[in-house]
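One structure below.
Here, each number is a calculation from the coordinates, and none is a lab measurement. These numbers come from a predicted model, not from an experiment. Note that each Cβ is placed from the backbone with ideal geometry, even for glycine, and that neighbours are counted across all protein chains shown.
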Amino acid sequence: MRLQFAAALLICLPATAFAQDKPAFAGPYAGLEAGVLIHGFRLGDNVSSRKYVGAGLAGGGFAGIMLPASERLLLGGEVAVQAGGGTVRSQEIFAFYEQKARWGYSVTARAGYVLGDRTMVFVEAGYGGYRYDVRLANVIDDDGNGPNGLVGGIGIERQIGRNVAVRLRTQAGSEHGRVLIGLPIRF
């Protein structure tokens, strides 16, 4: 019995030592985020068009992984979804056009640089978009999907516990932007 215990201890020691040497912010993570979605639309031709912009509260979740490329550089990816975001409306005399945010998504590659022991700055780039309910004079347009395309963002993350951090990130696409505060939990 003692021999089995000693063998198990010898097998577990390297794994325990490796787990303690894991760099900050490395590994898989998931969490929740909330903030503001900024979106809008343009009515009219290109010469005399008018831009309507609005903002509303949005929230969602994310999951990703960051792997160490060097002592301070981490590379990885993330998937995020959000819901909500407010309504932008153009009111004319007898009609209106309205865009109500429903939900959005993004799939990004990320690069982070660790500053000190508990702070990381990061950039992200990838693909994403937002979906809308569009109404023209009280008629719902089922094709109210917003544009999909390239998205990019920047952010900062600060560890507040062993596996918990708080982050602030901004992300922009072709016709929307997001400013979100999140709570990533690392596994």
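One table, with the values for the structure above:
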read-out	value
Cβ-defined net charge surrounding Tyr52, 9 Å radius [Lys, Arg +1; Asp, Glu -1]	+4
Cα-only radius of gyration and Dmax that characterise the range 44-114, units Å	19.2, 63
Net charge contributed by nearby residues that have their C-beta within less than 13 Å of Glu157 (K/R +1, D/E -1)	+2
Potential extension, Leu150-Ser174 segment - 0.36 nm per residue separation minus Cα distance	7.9 nm
Inter-label distance for Phe94 and Val53, nm, one decimal - labels placed 7 Å from Cα along Cα-to-Cβ	3.3
Residue-span extension gain [Ala26 to Ile181] - 0.36 nm each, minus C-alpha spacing	53.8 nm
Radius 12 Å from Cβ of Ile181, net charge of other residues (Lys, Arg +1; Asp, Glu -1)	+2
